[in-house]
Structures are given as C-alpha cells and as structure tokens.
1. Looking at Gly681 and the list (1) at pLDDT below 85; (2) assigned to a loop (DSSP other than H, G, I, E, B); (3) open to solvent by less than 30 Å² (accessible area, probe 1.4 Å), which single condition is not satisfied?
2. Within region 307-321, how many residues are open to solvent by less than 20 Å² (accessible area, probe 1.4 Å) and closer than 28 Å to Ala394 by Cα?
3. Could you identify the single residue in Gly672, Gly705 that is closer than 18 Å to Val467 by Cβ and surrounded by 21 or more Cβ atoms within 10 Å (Cβ to Cβ)?
4. Could you grab me the full set of residues in region 275-306 that are of a type in the set (S, T, N, Q) and either farther than 23 Å from Gly217 by Cα or surrounded by fewer than 18 Cβ atoms within 10 Å (Cβ to Cβ) (or both)?
5. Report yes if some residue within region 253-264 is more than 28 Å from Tyr139 (Cβ to Cβ) and more than 32 Å from the chain's Cα centre (by Cα); otherwise report no.
6. Is it the case that region 314-328 has a residue that's within 24 Å of Phe210 (Cα to Cα), among the aliphatic types (A, V, I, L, M) and within 23 Å of the chain's Cα centre (by Cα)?
7. Please go through region 656-668 and give me each residue that is part of a loop (DSSP other than H, G, I, E, B) and open to solvent by 10 Å² or more (accessible area, probe 1.4 Å), ordered by number.
8. If you take just the strands (runs of 3 or more DSSP E) that sit entirely in region 542-652, which of them hold at least 2 residues that are in contact with a Gly (Cβ under 9 Å, 6 or more places away or on another chain)?
Amino acid sequence: DTFMADNGATGYNTLTYYKAQADPLGSPNICTYLTTCVPAFNMTEKWLWLRQYIVDVTTAQIALEPILMPTALDMTSEANSAAWRYAAGAFFAETQRTGWPVSANFEIAGTTEAFKPVWKHAFANPTEIVTEVALNDPYKEGFTFDGWYATADFSGERVLTVGPETVIPGNTLYAKWIEYIPTIAEVTELADSTTTKIRGTVTKVIGTNFWVQDATGGILCYQKNHGLAAGESVTLSGKKVMYGGIPELMNITVESHVAGQAATPLSLQIADVIANYDKYMSQLVIFKGVILHYEGDSVFLKNGSDAIYCYKVSLDKTAIPENTKVNALVIVSAYNGKLQLRANNTGDITEVDAAGKDPYNYPARGAEGEYTLTNDWLISLKLDSYAENAPGVAGFVRSMVEKDGKMYFLNRDADGNGWFTVVDGATGKMSPERINITGEHLFKKEINAGTDSANWVIATTNPFNHVTMDNAGNVLVGACPIGAADAEEPNRVMIYVVDLTTGAATELINENIHAQADYLSVPFRFDAFGVWGDVNSHAVLMAANANYMDAFRWEINDGVADVAEEVEISVPEDEKSYLAGKTSFGISPVIQPVDDEYFYIDGQACYPTMFNTDGDLIDDFMMNESGSILKVGNNSGDTCTLQVNNNGYAEFQLGDEHFLLIAATCYTGTPGNAYALYKFGPDMSFADMEPLWFFPNAGLGEVAGSSYQATPSVEVSGNVAKIYIFQPNDGYGVYTFTGKVGSDDAVDNIEADVKTQKIVENGQVYILRGGVRYTVTGVQVK
C-alpha cells in the first residue's frame, strides 16, 4: 500500500480510504484537506499513468453516456479534488459509484468504454484498439522511458500512435528504458550551476528561447541556433541556473530530438495565473476569450480588472484593435518577481470568431405559416464557440436577465464580489467592460456591533447567485441562502435592486425568516426567486424551497417589503400531477408570481406548475390528456422528449395570443440543453397548449451546468418576440419568434356601458376598463 505514502499522505490505507469514496452511502468527506486527499494535480511521476487512466476512462464514458459527475476531471483545478476522490474511489474498489455523483464504471475491462491496466506495473494502454490512440508512457522505477518500438532491438521509428489499421509484427510493442533522467520538477529544485539532463516536449520557440515541458512542469531553455521546433520530443543536457528569479537551462547540448505529440495547453483564466503563477511557471497555457488591451506599444491580456503584460509582443493595432476578444497561446513567465507572458508576434494571439448561427431551418407553423422562428445568433458548445465567449467562470455565473436588448449575466467570485457581464443582444458581442455591483456591506451582517471587535461577515450562502427583473424594469439580484431547521441565525435572505448604469445596489430584503417562531423548524434553500409588479410601488416576490413543498412570499409596497409568509403546498398522491405525493420540488426550483394570487413553480421533479397563495394546485402539465405535450417536433424525424431536470420558463403574449417557453431538456437530454415553445389555446391551460418547436435543434451542449436553472427572457414588440436563452457551461443566444398581428376582437367580452381602452405596457397588450387592467382574454390583472 504505497500509493498514499508516495503522494505525501501518511496514516491512510489506500483501499480503506478510497472504497469509502466509492460507497454511495459512505461519507465522501473522510479527508477534508487537499494535502491529505492526494489530489490528482499533486501526484508524483510514478503515479501519473493512473491519473491519466482515470481521466481517460471517465471522459470516454461521459462522451458515450453523460453521467452526474460534479465537474469534469480537470486536473489543473483544485476545485476538482472531490471529483477526483469519487473517480479514484471507484477505480480502487473496481466498481462504480452509483449515488450522486455517479462515477465511471471501473468494473469494465477490454471494452471501448474503458480498459483495465495490469496491476503492479504502470502499463495503461488499451488492450483493444478501436480508434486511433496516442500511446501512454509507462513508469519503471530507476529508469526513464524512451519510447515504444515495434522491434526488440529498438531499431526503426518510435511508435507514437496505433489504430485499427496499424500493423505491428507479432502484435507486440517493446518499451525502451534508459538511464534515469530527472523530471523537470526535480530539475527546478536543483542547486544553481548543477549539470543535469531533462527530457520532454518543446512547447514554444521564441527567438533564442524555447520551453520544454513534461508531466511535472516546464522550464525555460536558452540556446542559440538550436534548430528545434514546437512538438518535438527532446533530451537535453545543460546547466540549471536561476535567471530573473525563475529556473532556466543553459549551455545546452541537444542529445536527441524526434517527432512527438504536441503538448496540450492548460486552459486557464487570467485570475488563475495571477493567483498561482509559480504553479504554472514556464508551462504552455491558453486563454480563451480574453480582451486585448494596449498601453502605448505594450500588449496586455485582460479579463475584467485582471491583466497580464505580454513581454515584447508587438501586434498590428489596425488588424487587432483595442478591446478585441482574443485567444492567446502563451508561456507563463516572470522576471524579478513580475509576472509576464511570452508569445510570438504572429499566430499566438488571434481574434475570437464572431457569434455563429443555428444552421437549422425551422418550419413555419399555423394554417397560413403565420408563426415563424429564426435564429439571430448563437454561441454554444455545439458550434464550438462557447469556451472563447463564456460570460463568466464555470460555476460562478448561473443566471441572466435581458433588458432593452442587452443580456446581463450575473457573475461572482470566491471573495464575495459581484458584477454583470454584458452582451449585445443584436450581435452577440460582449462588452469588454463589466458592471461592478457596489454597495456598503453587500450580503454581509455586522458581528459584535458597537464594540471594539465589531466586524462584517458574509451573512448568506453564494452571494450574487440569481438575477431577475420586475414588470417595471427594476433589476434584482439575490443569493442562495440555506437555512437548517432550528438554527438561531441561518443564512439570511438578502435581495438588492441594482442600477445598471452605476452598478449601485439598494437593499430590498434582509431577513432571517427563522426569526419568526412559526418557521424556525422549516429548513430552506432558495436557489432562485421571482417577482411580479413594481418593487417601487406594489410587487410580490417569492422564493421556492428546494428542501420542502413550500414557498415564501414577500409583499412589497412603496419599496418596503413585509416579513416573509410561508405558502405550504401539498399535492395528494391521487392528484393528476407530477408533484403528486412528492416531498419537494427537486433541485434548483424557479418560481414566478403572475399576480397577487397565482404563481408558477418549476423544479427538477416537475414541469411548470401553477398554484395559488392557499397552496392549491391550479394547473399541471400532466393535465394534458393526450400526453403529446411531452414531445415536440421540428421537421420530420427531429423530435425532442421533455425532461423535468432543467428549470425555467417564460409566459408571454403576442397580439391576442399567449405562449409558454420552457427549458425542455438538460445536458443528458436529446438534444442536450434545448428549449421548447408552446401556444396556449383559448382556455389558457396546459391542457390546450399546442407545441410549436424545440431549439436549438442540435441543443446547446451536453456539459453539466452549475445549476438546473435555465430561465429564459423574452422581449415583446408588437407581434415579434425576441427570445434570449442561456445555459451555464453550454451556450446562449437569441431567437426571433413572429406571431399573428393582434386584433380588437378580444374586447367583445368587456361590458359595453363601461369605457374601455386598449393599452400597451412593456410590450404587453391590456384592456383598461374603469381603471382596472384586463388581459385581452378578459382576465383581470391586479
């Protein structure tokens, strides 16, 4: 049992520890500290093969059948340590973790989904070749691997890849071993002026400098007329020195250089490198979708307020002007403690492709083809454009709201800061400047007030978690408060109104709902909230509980919110509802009040469902007798079966007709992360809805988001609706839906002896009768 000890964790038995991780009923938190959990990014060379094997198996199974991993096994991120424990646990237990999060299945051997290495030596190549694969390097203590060969005497070319058509005499490859050559990580720790050797892959060549990288790190090399090229596998001898504060190899002799596999760059955020540049020193990194900034002739890469200087990079400002969004393939470097990036003047910094378009031709609907759907623009994993145009860091941007033709993506960071990334709804172009949300003590409360030790601390979980807008255009942001039962001071419900011009936040709600004795025993989690009305005059704000069948309601008058009121909901088992007999709405429920009395809830256990403030069920998707509502089609053969998993909807009106837009599928659906549009019938019920389309036809992508919220926004003008969609980690875009031109026929049910007037508010058509607003179907709007 050397695995734990080899990787710096003493006092742990490998199988005992990791089998507990694989047990769906066991605690995944036996070990809570990164230094003792043996995170994969800190693994010694001896076990790197195992890291790669687990990643390969997991990736292969996710590609074939999406599974509930908490996040991709990105071994450059310390945030993935939990994902690593679950996956490694399944490997050591030779099983599959079936509880959340599900792991890859490590019982499988010799199949296309996974292959099992021979125990007690580090050979982790496939036993069955079904596609072209790059061969992995084995490990042998005291030696360095020098390549796979098809001949026992190691003559001929190295074998780098094999595929179904590859001919290998005797179906045998031979591993060549030579004297031990230190890893680059070991070389960087050597005393100055030590003569040594390194081997690895050339990652970048800039003038007389080049960089070599292996699985443990990278190092700067200085050699005139070296003649090496990026992608070559090299063995070098030279002297390790410190130059400008970073390790370097000089006085180099090139002992061998052969064709190799190009190094895969680490895909990072600028903030990651600023915070941990020692960790990434001299390694190849790609920044996707960062902003180009000039100060005189100096070039910087920028993301928000974070910026890094590109050493001696000279670009054509006419070809790539200020504020251009770019991808940059660079080397992390430093000089005398000052962080910098190294890149070539051509080819390493390139402009990001503009937003693409959904290529699908959506058929016209209606007797005369009066309903049409077209895509304005789309950025998605399916179009291979999301990574360069992500509106925030995965897991830290969860919701979006549209206002006046612009999309506002709510971001946060680990330090409690919040801001909006802004995208032009007409073009998909992202603004280089973000709107910082400002205010004194946002999402904080004062401890020991009035004493010498008074201080402010975060008073809720996940600040800047959700954004929405009321009917008057006021933008509200909130947190994700989680309150345990019987807690004296749980996470507080805190919601602010934000001025999009200045970013200034004004407190609207700051309440410990457990301060009310009636609610002390109610555990709650509010992932999202909804609002109807105008928070400056009269409005209703609600939040659905992810832990229990209830919602909380705040009535707001003249900008002041009353204390929370609980709306308890119970759906009997014999009720025709997806929530019949359920004890919760499921993960990340969203809620939307539609007036003082009625509201919708959409959770992971249901489709959008309407209730009143007494908790009575009013309408449910299951009330559609035909069941056809659960499937929607586009052109012949292109159909989408709805999933309850993703939550989000928008009800809107075009002319005289009403429509419902819902999040149709999540990342496991076919297609992954799609939306569906329905037209209500005269009864305005789910039972008489007509399915129109699902879109994008290919979906946005199949990567798990940071939540199950996929709430869209709709902007109406006459008989045209702009539909704004966003799914974290997969994509966003805008579609144009055109409906019938409205008529005056809908006023016939209004009493003739009362003066009536047709009005338009926020793009919606209403009938004003005696000072009271009605919809065109005659429903009073309070």
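1. (1)
2. Residues flagged as open to solvent by less than 20 Å² (accessible area, probe 1.4 Å) and closer than 28 Å to Ala394 by Cα within region 307-321 amount to 2.
3. Residue meeting the stated conditions: Gly705.
4. Scanning region 275-306 gives Asn276, Ser298, Asn303, Ser305.
5. no
6. Yes.
7. Correct list: Asp656, Tyr667, Thr668.
8. 550-557, 565-568, 590-593, 598-602, 639-641
The values are calculated or read from the model by the stated rules, or taken from the named source; none is laboratory data. In this text, all values refer to a predicted model and were calculated from it rather than measured experimentally. Glycine gets a Cβ as well: all are built from the backbone with ideal geometry, and neighbour counts include every protein chain shown. The accessibility values were calculated without ligands, DNA or RNA, using every heavy atom of the protein model including side chains. Shrake-Rupley method; radii C 1.70, N 1.55, O 1.52, S 1.80 Å.
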